[in-house]
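The structure appears right after this line, and notes come after that.
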Amino acid sequence: MATKKIWYYQLDPGRNMGKTNSLNDDDLREFVELQATFAVSGKSWLVDVADVDQETFDLSVKNPNKGEELRLREPQEILDEIAVLDLESAEILAGIGEIL
């Protein structure tokens with residue numbers, strides 16, 4: 001029987017994993033439950049084989065159930081903005097001081 005749909009699951013344990021903080025049974029509990037029936041959820045979805053690029057067969061895909069990720073600003077960008085706002089505040093306060 002030919003494959004018609006591909007089931008994806010996005011593992012998101014909610015923590016950083018590494019040598020001292022490895023993947024455990026609790027992290028995989030939802031995966032095990034969902035994969036038994038290939039259920040669709042917020043972390044799992046199906047893709048029709050017909051929708052896979054037939055030239056590259058690239059199976060990488062983004063979770064269609066997940067909202068768009070926010071772009072986080074670089075720390076230096078935030079510091080630069082704070083500096084500009086501080087200058088503006090200082091100018092406004094100086095102007096108020098002159099009025100008084």
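Could we say that residue 76 is open to solvent by 100 Å² or more (accessible area, probe 1.4 Å) and in a helix (DSSP H, G or I) here?
Taking the combined requirement at face value, the residue satisfies it.
Of all residues in region 21-44, which are aliphatic (A, V, I, L, M) and within 16 Å of residue 6 (Cα to Cα)?
Residues satisfying the conditions are 34, 36, 39, 40.
Looking only at region 50-76, count every residue that is farther than 30 Å from residue 7 by Cα and over 21 Å from the mean Cα position of the chain (by Cα) and tell me the total.
1
For region 51-84, name all the residues that are free of Cβ contacts under 8 Å to residues at least 24 places away in the same chain and among the hydrophobic types (A, V, I, L, M, F, W, C).
Once the filter is applied, which keeps residues that are free of Cβ contacts under 8 Å to residues at least 24 places away in the same chain and among the hydrophobic types (A, V, I, L, M, F, W, C), region 51-84 yields 57, 70, 72, 78, 79, 82, 83, 84.
Going through 42, 14 one at a time, which residue ends up being of a type in the set (Gly, Ala, Ser) and in contact (Cβ under 8 Å) with a residue 24 or more places away in the chain?
42
Taking the options 93, 46, 87, name whichever one is assigned to a strand (DSSP E or B) and modelled with pLDDT under 95.
Within the list 93, 46, 87, the selection yields 46.
Quick one: would you say residue 34 is open to solvent by less than 90 Å² (accessible area, probe 1.4 Å) and either free of Cβ contacts under 8 Å to residues at least 60 places away in the same chain or over 23 Å from the mean Cα position of the chain (by Cα) (or both)?
Taking the combined requirement at face value, the residue satisfies it.
Among the residues of region 1-10, how many are assigned to a loop (DSSP other than H, G, I, E, B) and either in contact with a Ser or Thr (Cβ under 6 Å, 6 or more places away or on another chain) or open to solvent by less than 70 Å² (accessible area, probe 1.4 Å) (or both)?
Qualifying residue count, region 1-10: 1.
The values are calculated or read from the model by the stated rules, or taken from the named source; none is laboratory data. Quantities reported herein were computed from a predicted structural model and do not represent experimental measurements. Please note: Cβ atoms are built from the backbone with ideal geometry, for glycine as well, and neighbour counts cover all protein chains shown. Surface areas here come from the heavy atoms of the whole protein model, side chains and all, with no ligands, DNA or RNA. Shrake-Rupley method; radii C 1.70, N 1.55, O 1.52, S 1.80 Å.
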